[in-house]
Amino acid sequence: MADTKQVIQVAVPRPLHSVYDYHVDGDMALPALGARLRVPFGRSEVIGICVSTHVDNPHAKTKPVSEVLDHDAAIDSELLDLAQWMQSYYHYPLGEVLATVLPSAARKGSQLEIKPEPPPDIWHLVDPSLISPRAKTQQAVVDHLLHMGDAQSGEALEAAGFNRSMLRKLEGIGVLERKVVSVRHQTSEALSPSSEQQTAINAINAAVGFNVFLLEGVTGSGKTEVYLQSMAKMLAAGKQVLVLVPEIALTPQTLARFENRFGSAGMVHSGLSETQRLQTWLKCRAGEIKVLIGTRSAVFTPFESLGLIIVDEEHDSSYKQQDGLRYSARDLTVKRAQQLDIPLVLGSATPSLESFYNAKRGRYQHVLLTQRAGGAKMPRYHTIDLRGQSLRGGLSDTLIRVIRAHLEANGQVLVYLNRRGFAPTLVCKACGWQSVCSDCDARLTLHRQPEQLVCHHCSLRFTLPTHCEQCGHHDLLPVGMGTQRAEESLAELFPDIPLYRIDRDTTRSNAQLTAQLEKIQRGDSCIMVGTQMLAKGHHFPEVTLVAVINADAGFLSPDFRAPERTAQLVVQVAGRAGRAEKQGDVWIQSYQPENPLLQKLMSQGYRGFAEAELSSRLQAGLPPAQPMAMLRAEAFDPTLAREFLTHCKAALESAAGSQQDTATVEILGPIPAPMARVAKRARFQLVVMAATRSALHRVLASLGQPKTHSSLRWSIDVDPYDAM
Ligand code: ADP
Ligand code: ZN
Ligand code: ZN
């Protein structure tokens, strides 16, 4: 064998088998592990990652690598290990895992080079009166700067949704002035911690090596201050810190809290361009950015010397990617902290039952903050029995009276409900027919302005029918409550009070949301009505009343996670009340106020609820007692989807049998998904449960690449968040 060809393995971003043998020939140097390579693939070329340079039984006929793009690794060994771990944990092709880990600019071949940047700048207001009349976004910039106290960094303004070309335009007409600054100074001092905060800070600071802390602190207990003081110690030791926050919580206010303490912070959010994202990635890798704050995908950032990871609101669903590679960023932080042998802090007022269970079993250190910071009191809970009550647009007389009393005392009122639009269904008064989507097994939601029926599952829009499709009757009745309807009735009841609706329809952009929140934070008496966007992270010191229009649906859903999610939402939204000196009240309307879960929550708080719910999960053998995976399949032809899963089930069962896992592996289904048809595709699911993780992974791995059909979509979801 006088073969001088060096064979290597390259992971390419393609489904199915994604690791292939290639060779480097001639005078090309052997690429580094983790380097990007251009390789021929099919009739074209793709960019892949070198994942092995020692190939035991190389393929006989290999193609040559066309170009080595990186001298060193693009993906360092720690992230490469993480990717390999994800491949076997999520049962996803390595090439596609790596494509998720790399920023998209790097994936497309951009040079991995830090570019000198314009120096940090600050924008000041000069003459707000010069803005063009009726230019809403210009007004929004001005309002924002007034709210934030005149000056803001360009970076923070971009994060708030204002782009630089608009800022420059305003500079041109004399509204703004731009100043270049050399160094940003910290503007806020550490607060003096409460004794509970101090205990938490001490515990985290004392950690040596891999330690997971579950920081369970009631809403308003000052978890952020605990993060900041734990971070300060790491930064002083020259280490870097990664902070993950939920999607919706990455507001300019959040960034400002960290920037004001540490002078600067990097940020990863959806508003960044591909180039900006890559630059941030590179600067973290080079150790230039010390504090990185980001949403889910920031978990894949390389660091020169990471010393601490913090996950705020660790229970939040936005940490779980719901398509493609269905990873949980929270769970990945545990893996990374373990690999790097560093501490990790998972913070929440309403911990996921997974983390709660790990704390109970002693895997995580449980640190509690039971008191609100700065002397604020916890809100009081009350329920309103809706049975036999007459309602005005979903609001009971009791609730209307309570709202009026709070407004008269100059409080702000927050009305929460989980449906956007006007009404969740349109029903025929004569025969009970309901308007449904043509392409989904779903009822249509009535929207106003413009008036139309919208499918919240496939986004199709329909004009309003003039009569019933079933009996021809003309009386069609909107049934149920959406945010638009609540807004309408509140406007009628309280015509003189400013009213803000906050849901996905009113806040399409970051700038819109920022503008709305700023008006609210001026503190004048007002009503906010909105969806869960209101429940997350925001600090509304003037809110004294939180009203929950209806908490019932969540406690009755077939999804085993629905009660947990509902309790978290109720507690989080309730936590917006009474954050300052004033006492807060929470009123919850319900048709079954005696529901035991709701009762637990009312009387013992989230902790009592979590204990009860965890013990029923453990009894039923549901996660976190046993690990679960979900196989989903969808196709226009229902038979195709069902048969595919039946075939998978047989394969899984035979693997379980041959591996003596029969007794420990349970496979349920295939059954139609709870939403059995979406966008004309029939959907089925198969649930796989196992007594142990290793048994689960053994049977899933045995599935390999099942024979599939081009019109079939399927996926494996390990630790599914939506169990439906
Ligand atoms: P959480 O995230 O736990 O809901 P925050 O971190 O938002 O709570 O803190 C709530 C409020 O309490 C903030 O306004 C914060 O500045 C204030 N706060 C936190 N710690 C202290 C402290 N030790 N002394 C005074 N105020 C504090
Ligand atoms: Zn009818
Ligand atoms: Zn639809």
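The values are calculated or read from the model by the stated rules, or taken from the named source; none is laboratory data. Since we're looking at a predicted model, the values are computed, not measured. Cβ: placed from backbone, ideal geometry, glycine included. Neighbour counts: every protein chain shown. Accessible surface is based on the protein model in full, side chains and every heavy atom, while ligands, DNA and RNA are left aside. Shrake-Rupley method; radii C 1.70, N 1.55, O 1.52, S 1.80 Å.
See the values below:
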| item | result |
| --- | --- |
| Placed amide H near Ala676: partners under 5 Å, 5+ positions off or other chain | Asp441 |
| Percent accessible area from carbon and sulfur atoms, the chain, protein chains only, probe 1.4 Å | 50 percent |
| Segment 121-180 - percent relative contact order, Cα under 8 Å, separation 6 or more | 58 percent |
| Amide H contacts under 5 Å for Tyr500, placed H, 5+ residues apart | Ile527, Met528, Val529 |
| Computed FRET value (nearest 0.05) for Arg508 with Gln604, which takes r as the C-beta separation and R₀ as 51 Å | 0.80 |
| Around Leu308: net Lys/Arg minus Asp/Glu count, Cβ-Cβ under 9 Å | +2 |
| Set of aspartates and glutamates with alpha-carbon distance to Lys649 below 16 Å, sequence-local pairs under 8 removed | Glu634, Asp661, Glu666, Asp717 |
| Å² of accessible area per residue within the chain, as computed with a 1.4 Å probe and no ligands counted | 44 Å² |
| By accessible area with a 1.4 Å probe, ligands and nucleic acids excluded, highest first: order of Asp637, Asp316 | Asp637, Asp316 |
| Relative contact order (%) - criterion: Cα under 8 Å, at least six apart; region: the chain | 11 percent |
| Simple label model, 7 Å out from Cα along Cβ direction - Thr466 to Ser273, nm | 5.1 nm |
| Gyration tensor verdict on segment 195-374 (Cα atoms; rounded if a/c is under 1.5, prolate if a/b is larger than b/c, oblate otherwise) | rounded |
| Extension gain from Ser658 to Ala29, taking 0.36 nm per residue of separation minus the Cα-Cα distance | 221.9 nm |
| Extension gain (nm, one decimal) between Thr639 and His59, 0.36 nm per residue minus Cα-Cα | 204.9 nm |
| Considering only the chain, percent of DSSP beta bridges that pair antiparallel, nearest 5 | 55 percent |
| Where N is the number of residues in segment 262-311, Cα Rg divided by 2.2 N^0.38 Å | 1.04 |
| Within segment 72-104, backbone nitrogen closer than 16 Å to the virtual label 7 Å beyond the Cα of Ala286 toward Cβ | 72-74 |
| Residue pairs, from the table Lys179/Lys239; Lys536/Lys600; Lys136/Lys283; Lys377/Lys536; Lys115/Lys320, whose Cα atoms sit over 24 Å apart | Lys179/Lys239; Lys136/Lys283; Lys115/Lys320 |
| Space enclosed by the convex hull of the alpha-carbon atoms of segment 121-180, per residue, Å³ | 68 Å³ |
| Full-extension gain in nm, Glu189 to Thr708, via 0.36 nm per residue minus C-alpha separation | 180.9 nm |
| Relative intensity, log₁₀ I(q)/I(0), of segment 184-236 from a Debye sum that treats every alpha carbon as a point, q = 0.14, 0.22, 0.26, 0.29 Å⁻¹ | -0.38, -0.88, -1.14, -1.32 |
| Cα centre as origin, Lys/Arg/Asp/Glu Cβ charges: the chain dipole, Debye | 560 debye |
| Computed P(r) (all Cα pairs; segment 2-107; 5 Å bins; percent) | 2, 13, 25, 27, 19, 10, 3, 1, 0 |
| FRET efficiency, 1/(1 + (r/R0)^6) with R0 56 Å, evaluated for Ala620 and Asp524 via beta carbons | 0.70 |
| Per-bin percent of Cα-Cα distances, segment 502-599 [5 Å] | 2, 12, 21, 22, 18, 13, 8, 4, 0 |
| Whether segment 343-416 is rounded, prolate or oblate, judged on the alpha carbon gyration tensor where a/c under 1.5 counts as rounded | prolate |
| Relative pair counts by distance (%), Cα atoms of segment 76-181, 5 Å bins | 2, 10, 17, 14, 9, 7, 8, 10, 9, 8, 4, 1, 0 |
| For segment 628-718, with +1 on Lys and Arg beta carbons and -1 on Asp and Glu, the positive-most of Thr646, Gln659, Leu696 along the dipole | Thr646 |
| Mean shadow area of segment 628-718, taken as a quarter of the surface of its Cα convex hull (nm²) | 5.3 nm² |
| Cα extents of the chain along the three principal axes, largest first (Å) | 91, 67, 52 |
| Cα-centred dipole magnitude for segment 195-374, charges only on beta-carbon of K, R (+1) and D, E (-1), debye, nearest 20 | 260 debye |
